[in-house]
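So the structure is just underneath, and the comments pick up after that.
The values are calculated or read from the model by the stated rules, or taken from the named source; none is laboratory data. Remember, it's a predicted structure, so these values are computed and weren't measured experimentally. When we count neighbours, we look across all protein chains shown, and the Cβ atoms used for this are built from the backbone with ideal geometry, even at glycine.
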Amino acid sequence: MTNSEGDETLGVYKDRQEAEAAAEQIQDAGVDASQIRIGDEADSKASVQAEMREEMEEAWLSPQAAFVATKEAAKGLSLVTPVAAVLGILVTLPLGFIVDFGGAPLWVRLLISVAVGALGGGTVGFVIGGGMAMKGPNEPLAAERGVTVRAPAASDEVVAAMEGEDPIRLDTVAPSGRKTSTVETEDERTPDGVVQNLAQNARQPEGDWSRERGDDPDSSG
């Protein structure tokens, strides 16, 4: 891994204990303890900005078609659309043997059935996969639910040390805090993350909008 000279490494960990363990690993990689920051408010802001920038960079944007899909939505539709297209083909394929289609030969009828099934199933999968894979508006960003650790270097040794403690996310940043690259995210370590999002949103299709409405999720009334 090659980083720009002067880059620093910014990670987010699940709790203070894991953050301190990461800091110890960074010290073992040759960084002085006094140069390592844990739980700094400015670093939390930088991590939030890095995550938001990554969302923009990895989103599917098509201004001409007025189409926007978040990173999670893009992964969801790319997973569900092919499966739905195959299911659509399985549903419509028997029609090629049953329906006459104006006396067309069998191969033409089968071709039409496959095309209709793939198009119909793929369209349904595109809508469902993209819509149901998105995270809800109440889903906290990494720095909002974890503890940041920042090291004043982005060498391979430091990055490897921070990766070893399984961060929620890990970025390299300029001294100003601007993200220069994303090293690792929690979703990348859990390939079933999109499937989990689909399953969770299937159970709660309306999503959790409590933050948007100003509701108190812990209130009983």
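For the stretch 79-173, please list each of the helices (runs of 4 or more DSSP H) lying entirely inside it that holds at least 2 residues being in contact with a Gly (Cβ under 7 Å, 6 or more places away or on another chain) and more than 30 Å from Asp7 (Cα to Cα).
Those helices (runs of 4 or more DSSP H) span 106-132.
Go through (1) in contact with a Ser or Thr (Cβ under 7 Å, 6 or more places away or on another chain); (2) modelled with pLDDT under 65 and name the single condition Gly136 misses.
For Gly136, the failing item is (1).
Consider Gln64 against the criteria (1) farther than 30 Å from Gly146 by Cβ; (2) modelled with pLDDT of 80 or more; (3) in a helix (DSSP H, G or I): it satisfies all of them except one. Which criterion is unmet?
Status for Gln64: all satisfied but (2).
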